[in-house]
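Data first, discussion second: the structure below is written as structure tokens.
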Amino acid sequence: MNACKPLLAALGLALLGACTAPPSVQQPEAASGFNAKSGWTFQRQAVAAANPLATEAGAQILRAGGSAVDAAIAVQMVLTLVEPQSSGIGGGAFLLHHDGRKLQAFDGRETAPAAVDEKLFLNEQGEPLSFTTAVASGRSVGVPGAVMMLALAHRQHGKLSWARLFDPAITLAERGFAISPRLHTLLVADAALKADPVAAAYFYRADGQPHPVGHVLRNPELAQVLRNIAATGPVALHEGPVARAIVNKVRQHPTLPGAMSLDDLQRYQPRERAALCHDHSAAGRALRICGFPPPSSGAIAVGQILGLLSRTPQAAAPLINGLPSADWLHSYNEASRLAFADRAQYVADPDFVAPPARRWTSLLDARYLDDRARLITETRMPTAAAGEPDGAHSSWAPMPDQPEHGTSHLSIVDAFGNSLAMTTTIESAFGSRLMVTTDPSRPGGFLLNNELTDFSFAPRDAQGQAVANRVEPGKRPRSSMSPTLVFDKATGELLMSTGSPGGAFIIHYTAKVLHGVLQWGLSPQAAVDLPNVGTLGGPLVLEQGRFPATAVNALQQRRHTVQQGELTSGAQALVRGRGVWLGGADPRREGIVAGD
């Protein structure tokens, strides 16, 4: 028996061909089936989100005269309730917003508490903790930022009152919602959540089994917390009883307590950053693709992959029988390996780490990509090393590979000309598995993130050289979230809003949808439906059962180590058609698109 098979099975992966190294990809959330969707068309406004109840809440806000930001707030609050495994008020988010003239990037990423240091995830012997041990602990919890960031965006772009936006979530929390097949699947698969008494009492029956599909789950504790936030704003989360409950939950963890303080919560501030944009040509059209800058690595990596791919003979290679060819997959994989090498070397919180050549766009310069693209040949390059844009030499050690986990994405356009792409997260499925309540007599609460595990567990290499993305007080961990807006370069017209959950594979899921729509001319639904593929720098991973053996064999002949796995993306996309908006939602999850 192949010695790699037990490990692959544990990670939900299947082996194709020889296994020469452990798999380098773990899926953030378990797969829950593939349910075909036909796509949607709307005339004026639309919401694409990860759960039908959240999508409908956002659509209701738009119909009431709300803006895209108003709808996003309503969607996020409902997702906290109905998709607790992926995002919520205990986590963070990146929001990319365009009002028809100005593009803004609102950063609600979590921060490390002031009392931590770079040894946060090292044991007493100075070795990194196991990832699973670190996740389900108080040490993994970052200071949440989603609500504070949404309040900042609402002050600038909201049309309805802040309090009005919480009504759908409060009503659902009080009346209850039916547990979906996906939520039930993830509850069955999770071994750590029931160790938290509050979460166990809420999600599970007395016999330790999760409530069944269709069970009406009520969350009066979350309803009360949301009422408080609706009445007084983010201060209700960052100060007072809820803040004390958060801090107590983190600091009183029974095995690995964290160091978060009330002062950390009170001092948290969202950031407004300049979006990171680059020019791109696809199918003869000049485009401007805009994404989120560091601390996200998404826009840089997506831009590099698309830019490098466009410099290969496979740039305009058509689909064959509805699938990318082996030649295209080879070029895509090599471009990705180069992008992920730069990501590991350079990208971290810009408040702590300077960009190469003094600007992040140096990694997307045409001359730099020209040079990097020459490394892509007919066979797999033995090693993909980081480059030196503008001759910049990095003093950082590259970050070792480690898992990244889940998120949720929403794309919205409103009738006023506003549009947004927002990716939101609590990191792992069910975050740190710590559920906060201010009143144990009331069922429910909300989950805290484990976002600090996005930092490098090993702060330095064997020579003592520091990793850019190491833990530091007040620092924001590097992310892969890739909310993306695409514009016509000549006219400035918005053409597309997209993004996806999926840990580090977010980058690939987003790049796939962009290439599918912009280069292959697919509808957003057809682009989302395409089989997933990607790498984190090691093996090339193909979506289970979606590629023929001939493609696998051709890739192996080019020296690729090929694996198959359940690549559970959750992409959403809105694309401007001829006078309409076309919507697509990922068949691998339960999202829909709604609007008018």
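Summary table
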quantity	calculated
Test: residue in segment 500-508 that is touching a strand residue (DSSP E or B) at 6+ places or on another chain (Cβ under 8 Å), buried (at least 24 other Cβ atoms within 10 Å of the Cβ), in the same structural domain as F547 (by TED's automatic domain parsing) and at positive phi	yes
Residue match in segment 257-267 (condition: among the acidic types (D, E), part of a strand (DSSP E or B) and modelled with pLDDT of 95 or more)	no
Scan of segment 354-394 for residues that are more than 18 Å from V467 (Cβ to Cβ) and either touching a Cys at 6+ places or on another chain (Cβ under 7 Å) or among the hydroxyl-bearing types (S, T, Y) (or both), ordered by number	T361, S362, Y368, T377, T379, T383
Qualifying residue in segment 402-411 (condition: surrounded by 19 or more Cβ atoms within 10 Å (Cβ to Cβ) and assigned to a helix (DSSP H, G or I))	no
Segment 242-264 - residue that is under 23 Å from A74 (Cα atoms) and in contact (Cβ under 8 Å) with a residue 60 or more places away in the chain and, of those, surrounded by the fewest Cβ atoms within 10 Å (Cβ to Cβ)	V242
Odd one out for G100 among (1) surrounded by fewer than 21 Cβ atoms within 10 Å (Cβ to Cβ); (2) in contact with a Phe, Trp or Tyr (Cβ under 9 Å, 6 or more places away or on another chain); (3) closer than 18 Å to M149 by Cβ	(3)
Residue match in segment 214-228 (condition: of a type in the set (K, R) and either closer than 17 Å to T438 by Cβ or assigned to a helix (DSSP H, G or I) (or both))	yes
Residue in segment 201-236 that is surrounded by the fewest Cβ atoms within 10 Å (Cβ to Cβ), counting only those that are touching a Pro at 6+ places or on another chain (Cβ under 7 Å) and aliphatic (A, V, I, L, M)	V213
Residue match in segment 87-110 (condition: in contact with a helix residue (DSSP H, G or I) (Cβ under 7 Å, 6 or more places away or on another chain) and modelled with pLDDT under 95)	yes
Among residues of segment 440-458, those that are outside any strand (DSSP E or B) and either modelled with pLDDT of 95 or more or touching a Lys or Arg at 6+ places or on another chain (Cβ under 9 Å) (or both), counted	13
Helices (runs of 4 or more DSSP H) wholly inside segment 475-590 containing at least 1 residues that are closer than 28 Å to I426 by Cβ	506-518, 524-529
Evaluation of D390 against (1) at positive phi; (2) surrounded by fewer than 24 Cβ atoms within 10 Å (Cβ to Cβ); (3) acidic (D, E); (4) not assigned by TED's automatic domain parsing to the domain that holds I507 (one fails), failing number	(4)
Of all residues making up segment 328-357, the number that are without any contact (Cβ under 8 Å) to a residue 24 or more places away in the chain and in a helix (DSSP H, G or I)	1
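Yes or no, residue by residue, for (1) of a type in the set (G, A, S); (2) crowded, with 19+ Cβ neighbours inside 10 Å:
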residue: G284; (1), (2): yes, no
residue: C290; (1), (2): no, yes
residue: I300; (1), (2): no, yes
residue: L319; (1), (2): no, no
residue: L323; (1), (2): no, no
residue: A357; (1), (2): yes, no
residue: T361; (1), (2): no, no
residue: R372; (1), (2): no, yes
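Yes/no matrix, rows are residues, columns are (1) surrounded by 20 or more Cβ atoms within 10 Å (Cβ to Cβ); (2) modelled with pLDDT under 95:
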position	(1), (2)
A511	yes, no
G521	no, no
L530	yes, no
L536	yes, yes
A554	no, no
V575	yes, no
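The values are calculated or read from the model by the stated rules, or taken from the named source; none is laboratory data. As the structure is a prediction and not an experimental result, all values here were calculated from the model. Neighbour counts run over all protein chains shown; Cβ positions are idealised from the backbone, glycine included.
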